[in-house]
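Student: Provided herewith is a single structure, encoded as structure tokens, for subsequent inquiry.
Values in this text are rule-based calculations from the coordinates and carry no lab data. Just so it is clear, the structure is predicted and the values come from calculations on it, not from any experiment. Here the Cβ is made from the backbone with ideal geometry for all residues, glycine too, and neighbour counts use every protein chain on show.
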Amino acid sequence: MTIEIIQFPCLEDNYGYLIHDSEENLTVTVDSPDPVVIQQILQDKGWSLTHILNTHHHWDHAGGNLELKSLSGCTIIGSAKDAHRIPGIDIQVGEGDQFMFGNQPVLVQETPGHTLGHIVYRFPVENVSFVGDTLFSLGCGRLFEGTPNQMWNSLQKIKHWPDETLIYCAHEYTQENARFALTIDPENQDLQLRCKEVDQLRSQGRATVPTTLGLEKKTNPFLRPHSLAIRKMLDMMDASDEEVFAQIRRLKDNF
């Protein structure tokens, strides 16, 4: 691996990510949740911030943009469709765009649902992705701006990535998501094992992310509306995948 990824907790339940290319001496922060913590890590590592990759406009993802840019002169990359809500944006990107981080191609996909302008970033050579608040371990983002149709289509894009893709999401929500998942998919043995693993990790104060797409496809109910067991539990045997997904999202909202 030619890039180094540092994952760090911040704010109440966020994760931030710094990505460093030692060959090209480039450093990215994915979003800017806590500029103080980010600056401290940069100082400890002796790195200089060169880029911010914003997934969406919410304050706990873009709120530190201008402070970090004033300190480092970094380049801010974000959604063209949300440029008016991304502080300090320099480069606007959208569906299917690709740019280089050192020698690493970075692929951009639009994933509206949580917000209308949400985007995700994938480093295909390393099989790593940074999905913001679109997909969580055992969950997905709440639909603050988008529709169930939009979010389901967004998740479909992610489902087409290789199963070994590491999923770096932006919050530690897994334990709560696990409790909900068991209510609608209680006989899923992969889910049962994952829930035990999650409880053990959290009891030790350890992170439950990154996860892999392959594991999420086996355990995450939001990626499994096709499951006959889930459909039977919800009494939706004849519904479309999108309709089942929408019902799962409604149930989670009220869980």
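Student: Within region 159-170, take every residue that is touching a helix residue (DSSP H, G or I) at 6+ places or on another chain (Cβ under 9 Å) and surrounded by 16 or more Cβ atoms within 10 Å (Cβ to Cβ) and give me the one that is farthest from Asp60 (Cα to Cα).
Tutor: Restricting to residues being touching a helix residue (DSSP H, G or I) at 6+ places or on another chain (Cβ under 9 Å) and surrounded by 16 or more Cβ atoms within 10 Å (Cβ to Cβ), the top hit is Trp161.
Student: Sticking with this one: Here are the criteria: (1) in contact with a helix residue (DSSP H, G or I) (Cβ under 8 Å, 6 or more places away or on another chain); (2) surrounded by 12 or more Cβ atoms within 10 Å (Cβ to Cβ); (3) over 22 Å from Met151 (Cβ atoms); (4) of a type in the set (A, V, I, L, M, F, W, C). Tell me which single one Met237 does not satisfy.
Tutor: (2)
Student: While we're looking at this one, here's another question. Scan region 1-18 for residues that are crowded, with 17+ Cβ neighbours inside 10 Å, of a type in the set (A, V, I, L, M) and within 18 Å of His56 (Cα to Cα) and report the count.
Tutor: Qualifying residue count for the region: 1.
Student: I would also like to ask the following. Taking the options Phe130, Phe136, Phe180, name whichever one is of a type in the set (Phe, Trp, Tyr), within 23 Å of Leu234 (Cα to Cα) and touching a strand residue (DSSP E or B) at 6+ places or on another chain (Cβ under 7 Å).
Tutor: Phe136
Student: With a cut-off of at least 1 residues that are within 23 Å of Tyr15 (Cα to Cα), name the helices (runs of 4 or more DSSP H) lying wholly within region 175-255.
Tutor: Hits in region 175-255: 189-203, 213-219, 241-253.
Student: Would region 96-107 turn up any residue that is in contact with a helix residue (DSSP H, G or I) (Cβ under 6 Å, 6 or more places away or on another chain), more than 30 Å from Gln247 (Cβ to Cβ) and in contact (Cβ under 8 Å) with a residue 12 or more places away in the chain?
Tutor: no
Student: Filter region 123-158 down to residues that are surrounded by fewer than 24 Cβ atoms within 10 Å (Cβ to Cβ), of a type in the set (A, V, I, L, M) and part of a loop (DSSP other than H, G, I, E, B), then give me how many there are.
Tutor: 2
Student: Something else about it: Please state which of the following conditions Glu12 fails to meet, knowing it meets all the rest: (1) within 21 Å of Ala207 (Cβ to Cβ); (2) in contact (Cβ under 8 Å) with a residue 24 or more places away in the chain.
Tutor: Result: Glu12 passes all but (2).
Student: Taking region 98-122, which residues are outside any loop (DSSP other than H, G, I, E, B) and among the aliphatic types (A, V, I, L, M)?
Tutor: Result: Met100, Val106, Leu107, Val108, Ile119, Val120.
Student: Sticking with this one: Considering only residues that are of a type in the set (A, V, I, L, M, F, W, C), under 16 Å from the mean Cα position of the chain (by Cα) and within 15 Å of Leu18 (Cβ to Cβ), look in region 48-76 and name the one that is surrounded by the fewest Cβ atoms within 10 Å (Cβ to Cβ).
Tutor: Leu53
Student: Still on this structure: Exactly one condition in (1) under 15 Å from Val30 (Cα atoms); (2) among the aliphatic types (A, V, I, L, M); (3) without any contact (Cβ under 8 Å) to a residue 24 or more places away in the chain is false for Val125; which is it?
Tutor: (1)
Student: Considering only region 124-143, how many residues are out of contact with any helix residue (DSSP H, G or I) (no Cβ under 9 Å at 6 or more places or on another chain), of a type in the set (A, V, I, L, M, F, W, C) and under 27 Å from Leu191 (Cα atoms)?
Tutor: Selection size over region 124-143: 2.
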